[in-house]
Amino acid sequence: MDRCVVLVDAGYLLGAAASLLAGEPARSRITVDHAALIQGLRERAEADTQQPLLRIYWFDGAPDRVPQPEHRRLRVMPRVTVRLGALTRSDGRWAQKGVDAAMHAELTELARNRACSDVVLVTGDGDLLPGLMSAKEHGVAVHLWAVQAADGDYNQSEDLVAEADERRVLDRAWITKAVRAKDLGGACAPQPVTRPEIAAILSAPLPEAALAASAERASEAAQAAAARPSRTEPAESAPAATGTPAATGHKGVPTPKDLAALRAHATHPDRQQPAQPAGATLRWSSDKGWVERGGALGEPPETASLPTLAQVTSAEQRWADREEDITTVGGDPFEVGQVFARRWMERLPESVHLQKLSTMYPRIPHRIDGELLRYAARFGLLAHKDDQIDEHDRYAIRAGFWREIDVRAAAEHVPAGE
């Protein structure tokens, strides 16, 4: 068949691009326009081989082989097939497993079936040498592409370079059409983008008991600070007892366990180790720590009456949701929360459920919040440490949920004609 196929080792391509543009191979140091990158690969392959493109195979690693947001975007692009190997962590470093074997199998199978006349390999791993040699024996022309090395030297196996039929270098000018280094501003890691919705959730008022306990603690801290000898170093000032909640730990918002402890301290200030309070009100129902309980069934009546998304979703809708998740939902945490909330609201049998939920801000009822986070886990948002979603992602997921709820609730309260 007179057509070409491109096999991309994403670990090599993006790692080498990060080394070239950011000075180190960490992919977190670059941002990638995947649509522009795929288009560039297609145009370059067709120009170099003088053959139309059959397909681009994108080989990458992912923890537990769960597609990450970038993989979800790639696999719905025209003429792109994503193949995932495992991504494992050892001695503090991530390593791909099975990617080379998958590339080797695909290359030899394409050549054996005469599915193409030319194969473009974007890789530097010498483990692919047997597959390259096998493809040549089946009459396939092998084009090997390298990413320009940051130090001007080779970043590919010399045996691989020597065995290829054609060799090209993707230079800095070509790479920067789709990849750029993140501007870290001298920091070691990129600063998160500020989102007003997340800030609103973090600044939501705490229960009165927590406020009282927080003010009491702040007053005690201020008195203790005044009793200590003055120092010249700029130590952190104790929070003033102004009625606003003091920060708990290093976070800007108390965890459920912190909040329960504050409630217990306000009720029993003489206790060194506060016992579990009977009715602790929690900021997030799904975090580790205390969970709000009430009644014999373990859930207050006002939340027990709220249906979950699964309860209001038909089999046909579930199939359509899955298709939408695969084809249009990119996997951004904020977007995931919005999609979940939109589906839940559209399928509610009664609008009173929406009104009831709106009064609970910022706490999402336990069953719905757990369902929301399980839905988010489908998009590769697990931090792969005890199967927990990253804390900042959890805030973003819930912020997206509340933003969608707020928009819908506001629209339903607008008088007709305005």
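Counting only DSSP beta bridges with both residues in region 4-181, the antiparallel share comes to about 20 percent.
Between the amide H of I30 and those of K182, distances stay under 5 Å, these residues lying 5 or more places away or on another chain, with hydrogens modeled in the peptide plane. Residues W94, W402 in ascending order of nearby Cβ atoms (within 10 Å, fewest first): W94, W402.
Rounded to the nearest 20 debye, the dipole size of region 136-179 about its Cα centre is 340 debye, using +1 on the Cβ of Lys and Arg and -1 on the Cβ of Asp and Glu.
Taking amide H atoms as placed 1.01 Å from N in the peptide plane, the amide H of R83 lies under 5 Å from those of W58, F59, D60, each 5 or more residues away in sequence or on another chain.
Under a 5 Å amide H cut-off, with hydrogens placed 1.01 Å from N, A146 pairs with R168, V169, L170 among residues at least 5 apart or on other chains. Going from the residue with the fewest nearby Cβ atoms within 10 Å to the one with the most, K177, K356 rank K177, K356. Quick one: grab the alpha carbon gyration tensor of region 310-412, order the square roots of its eigenvalues as a ≥ b ≥ c, and give me rounded if a/c is under 1.5, else prolate or oblate depending on whether a/b is larger than b/c. Since a/c reaches 1.5 but b/c is at least a/b, the shape of region 310-412 is classed as oblate.
Each residue of region 394-407 is assigned a 3J(HN,Hα), and the resulting list reads 4, 4, 5, 4, 6, 5, x, 4, 5, 4, 5, 4, 5, 4 Hz, derived from the Karplus form 6.51 cos²θ - 1.76 cosθ + 1.60 (θ = phi - 60°), x at Gly and Pro.
Exposure proxy for D406, D9: other Cβ atoms within 10 Å of each Cβ, ordered fewest to most, give D406, D9. Here r is the Cβ-Cβ distance between R347 and A410 and R0 is 22 Å; the resulting FRET efficiency, rounded to 0.05, is 0.65.
Relative contact order for region 4-181: 27 percent, from Cα pairs under 8 Å spaced at least 6 residues apart, divided by residue count. Maximal additional length on extending the N113-H138 stretch stands at 8.1 nm, based on 0.36 nm per residue less the C-alpha distance.
The numbers here are math on the coordinates, done by the rules we state, and not lab data. The structure presented is a predicted model; accordingly, all values stated were derived computationally and were not measured. Don't worry about glycine lacking a Cβ; one is built from the backbone with ideal geometry, like all the others, and counts go over all protein chains shown.
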